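Asks: This structure is in structure tokens; I'll ask about it shortly.
Taken together, the values in this text are just the output of simple stated rules run on the coordinates, not laboratory data. Predicted model only: the values in this text are computed from it and were never measured. All Cβ positions, glycine included, derive from the backbone under ideal geometry; neighbour counts span all protein chains shown.
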Amino acid sequence: MDRNKLKEETDFINSLHITQQMKDQLNEYLLTQWIFYSEDSPWNNEGNTTEEINVANTLVKISEEGISNKWSGEHTVFNDIGKVSKKRYNLRPR
């Protein structure tokens, strides 16, 4: 099975007149089978490069300070400005 076949099968399951719970269970089963047994799955170690395997297993961790272990750019920090004015602003052009 490959990604295209997985897409075809999930589309077929979603077109059936069965409960949503049953559709979800069948789709989850198909996805699990694809993850572990398909040649084009990044989680299947057979045929994948070490880099692909590392990418599939890498998780982004964010510390309590909001710093990511993989991010090297700038982080946006939002500060609470306190009390908000009750004056209404119309930002639309007249």
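Asks: By average Cβ neighbour count within 10 Å, what is the ranking of 24-36, 7-19 from highest down?
Replies: Output ranking for 24-36, 7-19: 24-36, 7-19.
Asks: Using 0.36 nm per residue, how much length does the chain from GLU39 to LYS5 gain when fully extended, once their Cα-Cα distance is taken away?
Replies: 11.0 nm is the gain from fully extending GLU39 to LYS5.
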